[in-house]
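Trainee: My questions all concern the structure below.
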């Protein structure tokens, strides 16, 4: 298969797999992450095929929608890529991106030689950009509604120092998520382009929170 055919087949696979996904983690999220990744990759020395496939498949089986199973996504992506005849090295690289892209993995206190590559950094920045700014706010509240969580509760203080397990098991109000993840992402960007875009989106979230609390307090 040509690269164009591989990308087209992967897009079709992802669209079909995520056709009933929660609105913040659906095909349109994938599409935005791919577009972000392609923009960021222009300024980086990366394997563009790995970046495209990593961005397309990064949420093929998000653990939070599969009882916390972190093995399902990489396994599903690996099986699909094998069916297309992708090289073993590329398959291994893409599956490592899927294993390591999540914010919660950065909360692990004891990591044994965590995987890293320029391609992972590009896709990770692209994914994190979609978690902040106007769309990031919309996605946060959409997921909070999906999980029937409170918008805000003044009696439940956010904890920006959660470890991985506490973060995974948290059921705190959506506003807390800003302090426990979204506002932390700007400082975790790897690439020049990612950092630049994150600045504006971070400020938008701060302005939003100012307005939110102004209205909440009357």
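Trainee: When segment 125-165 is examined, which residues are found to be closer than 30 Å to residue 35 by Cα, part of a helix (DSSP H, G or I) and modelled with pLDDT under 95?
Mentor: Within segment 125-165, 164 is the sole residue that qualifies.
Trainee: I'm trying to understand the selection: among the residues of segment 200-215, which are over 23 Å from the mean Cα position of the chain (by Cα) and surrounded by 12 or more Cβ atoms within 10 Å (Cβ to Cβ)?
Mentor: Result: 212, 213.
Trainee: Also: Answer yes if at least one residue in segment 109-118 is assigned to a helix (DSSP H, G or I) and either out of contact with any strand residue (DSSP E or B) (no Cβ under 6 Å at 6 or more places or on another chain) or more than 17 Å from residue 62 (Cα to Cα) (or both), and no otherwise.
Mentor: Yes, there is a match, as at least one residue in segment 109-118 is assigned to a helix (DSSP H, G or I) and either out of contact with any strand residue (DSSP E or B) (no Cβ under 6 Å at 6 or more places or on another chain) or more than 17 Å from residue 62 (Cα to Cα) (or both).
Trainee: In segment 167-190, what count of residues is obtained for those that are in contact with a helix residue (DSSP H, G or I) (Cβ under 8 Å, 6 or more places away or on another chain), surrounded by fewer than 18 Cβ atoms within 10 Å (Cβ to Cβ) and over 19 Å from residue 139 (Cα atoms)?
Mentor: So the answer is 2.
Trainee: Quick test of your reading of the structure: residue 193 fulfils all but one of (1) over 16 Å from the mean Cα position of the chain (by Cα); (2) surrounded by fewer than 17 Cβ atoms within 10 Å (Cβ to Cβ); (3) modelled with pLDDT of 95 or more. Name the failing condition by number.
Mentor: (2)
Trainee: Filtering segment 166-183 down to residues that are in a helix (DSSP H, G or I) and touching a residue at least 60 places away in the same chain (Cβ under 8 Å), which residue is nearest to residue 216 (Cα to Cα)?
Mentor: 167
Trainee: Among the helices (runs of 4 or more DSSP H) lying completely within segment 1-91, list those that include at least 1 residues that are in contact (Cβ under 8 Å) with a residue 60 or more places away in the chain, under 15 Å from the mean Cα position of the chain (by Cα) and surrounded by fewer than 20 Cβ atoms within 10 Å (Cβ to Cβ).
Mentor: Once the helices (runs of 4 or more DSSP H) in segment 1-91 are filtered for at least 1 residues that are in contact (Cβ under 8 Å) with a residue 60 or more places away in the chain, under 15 Å from the mean Cα position of the chain (by Cα) and surrounded by fewer than 20 Cβ atoms within 10 Å (Cβ to Cβ), what remains is 27-41.
Trainee: Follow-up. What's the number of the condition residue 124 fails, among (1) out of contact with any helix residue (DSSP H, G or I) (no Cβ under 6 Å at 6 or more places or on another chain); (2) surrounded by fewer than 20 Cβ atoms within 10 Å (Cβ to Cβ)?
Mentor: All conditions pass for residue 124, except number (2).
The values are calculated or read from the model by the stated rules, or taken from the named source; none is laboratory data. Note that this is a predicted model, so its numbers are computed, not measured. All Cβ positions, glycine included, derive from the backbone under ideal geometry; neighbour counts span all protein chains shown.
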